[in-house]
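So the structure is just underneath, and the comments pick up after that.
The values are calculated or read from the model by the stated rules, or taken from the named source; none is laboratory data. Remember, predicted model here, so these are calculated numbers, not experimental data. Here the Cβ positions follow ideal geometry from the backbone for every residue, glycine too, while neighbour counts run over all protein chains shown. When the accessible area is computed, the model is the full protein with side chains, heavy atoms only, and any ligands, DNA or RNA have been set aside. Shrake-Rupley method; radii C 1.70, N 1.55, O 1.52, S 1.80 Å.
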Amino acid sequence: MKLRYLLPLGIFALMIALFAVGLQLNPREVPSPLIGKPAPVFEVARLDDPEQTFSSTLLQGQPVSLFNVWASWCTSCRQEHPFLMELARRGAVPVYGLNYKDKRHDAMNWLNRGGNPYLAIAFDPEGRVGLDWGVYAVPETFVVDGNGIVRYKHIGPLSPKVWQEKIQPIIEQIRSEQV
């Protein structure tokens with residue numbers, strides 16, 4: 001008879017414990033299965049010139065680069081854009097882009113108005129490349145080392161604080177490993 005009352009109480013206590021743990025998680029720190037693995041291989045048209053292609057091999061060969069996923073319809077992307085322009089101006093790190101689920105005309109207009117911080121931009125109107133990278137919201141930024149290995153994924157807009165506290169230390173670590 002006691003078991004009949006204790007079992008539901010035990011299940012209820014377990015559910016409360018799981019909810020409590022879940023409330024402590026940060027949705028911006030969703031682990032990526034790509035960390036420590038080669039970047040997904042792809043080849044798509046470039047945003048600025050559909051006759052040219054953007055290949056994942058562009059992310060290799062330099063000590064480290066950023067791969068920033070963005071769209072013209074994304075308000076958080078507009079928020080991070082001035083910081084990306086500053087990174088490009090300083091030459092802090094090569095920045096490549098993936099224009100995600102967007103219209104070419106809208107994306108080009110947006111870049112013409114706000115400036116283009118990217119060395120090259122892959123055009124992904126259906127989101128297939130983004131799917132391979134595990135993108136579920138824009139903006140997202142990946143740190144890729146010279147061997148094409150994904151070392152870090154940041155969900156949300158880049159900012160000076162995110163740069164200083166998270167991305168720059170990883171970039172410095174990657175650069176120190178290559179000495």
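Let me spell it out: the conditions are (1) at pLDDT 95 or above; (2) more than 13 Å from the chain's Cα centre (by Cα), and Arg175 meets all of them except one. Which number is the exception?
So Arg175 meets the others, but not (1).
Please determine whether any residue of region 25-38 is β-branched (Val, Ile, Thr), modelled with pLDDT of 95 or more and either under 19 Å from Val150 (Cα atoms) or open to solvent by 10 Å² or more (accessible area, probe 1.4 Å) (or both). Even if it seems obvious, please write down each step before you answer.
First, pick out the residues of region 25-38 that are β-branched (Val, Ile, Thr): 30, 35.
Adding the requirement that they be modelled with pLDDT of 95 or more leaves none.
No - not one qualifying residue is present in region 25-38.
Looking at (1) open to solvent by 40 Å² or more (accessible area, probe 1.4 Å); (2) part of a strand (DSSP E or B), find the lone condition where Val69 falls short.
Against the list (1) open to solvent by 40 Å² or more (accessible area, probe 1.4 Å); (2) part of a strand (DSSP E or B), Val69 comes up short only on (1).
Looking at Thr57 and the list (1) part of a loop (DSSP other than H, G, I, E, B); (2) loosely packed, with under 14 Cβ neighbours inside 10 Å, which single condition is not satisfied?
Failed condition: (1).
For region 146-156, give me each residue that is touching a helix residue (DSSP H, G or I) at 6+ places or on another chain (Cβ under 7 Å) and either open to solvent by 10 Å² or more (accessible area, probe 1.4 Å) or closer than 24 Å to Arg78 by Cβ (or both). It would help to see each step written out before you state the result.
Taking region 146-156 and keeping what is touching a helix residue (DSSP H, G or I) at 6+ places or on another chain (Cβ under 7 Å), we get 148, 151-152, 154-156.
Those that are touching a helix residue (DSSP H, G or I) at 6+ places or on another chain (Cβ under 7 Å) and either open to solvent by 10 Å² or more (accessible area, probe 1.4 Å) or closer than 24 Å to Arg78 by Cβ (or both): Arg151, Tyr152, His154, Ile155, Gly156.
Looking only at region 72-94, decide whether some residue is surrounded by 21 or more Cβ atoms within 10 Å (Cβ to Cβ), touching a helix residue (DSSP H, G or I) at 6+ places or on another chain (Cβ under 7 Å) and of a type in the set (A, V, I, L, M, F, W, C).
no
Given the conditions (1) touching a Ser or Thr at 6+ places or on another chain (Cβ under 9 Å); (2) within 21 Å of Asp124 (Cβ to Cβ); (3) surrounded by 19 or more Cβ atoms within 10 Å (Cβ to Cβ), which single one is not true for Ile167?
With (1) touching a Ser or Thr at 6+ places or on another chain (Cβ under 9 Å); (2) within 21 Å of Asp124 (Cβ to Cβ); (3) surrounded by 19 or more Cβ atoms within 10 Å (Cβ to Cβ) applied to Ile167, the lone miss is (2).
Filter region 138-171 down to the residues that are of a type in the set (Asp, Glu) and either within 8 Å of the chain's Cα centre (by Cα) or closer than 17 Å to Arg90 by Cα (or both) and list them by number. It would help to see each step written out before you state the result.
Let us first name the residues in region 138-171 that are of a type in the set (Asp, Glu), namely 140, 145, 165.
Glu140 - this is the single residue of region 138-171 that is of a type in the set (Asp, Glu) and either within 8 Å of the chain's Cα centre (by Cα) or closer than 17 Å to Arg90 by Cα (or both).
Only one of Ser176, Ser159 is open to solvent by 40 Å² or more (accessible area, probe 1.4 Å) and small (Gly, Ala, Ser); which?
Values: Ser159 fails: open to solvent by 40 Å² or more (accessible area, probe 1.4 Å).
After ruling out the rest, the residue left standing is Ser176.
Pull up region 100-132, narrow it to residues that are more than 14 Å from Asn68 (Cβ to Cβ) and aliphatic (A, V, I, L, M), then point me to the one that is most open to solvent (accessible area, probe 1.4 Å).
Leu131
Output yes when any residue across region 149-156 is among the charged types (D, E, K, R) and touching a Ser or Thr at 6+ places or on another chain (Cβ under 7 Å), and no when none is.
Quick first cut of region 149-156, residues among the charged types (D, E, K, R) only: 151, 153.
With the extra rule that they be touching a Ser or Thr at 6+ places or on another chain (Cβ under 7 Å), the set shrinks to 153.
Yes; the residues of region 149-156 include at least one that is among the charged types (D, E, K, R) and touching a Ser or Thr at 6+ places or on another chain (Cβ under 7 Å).
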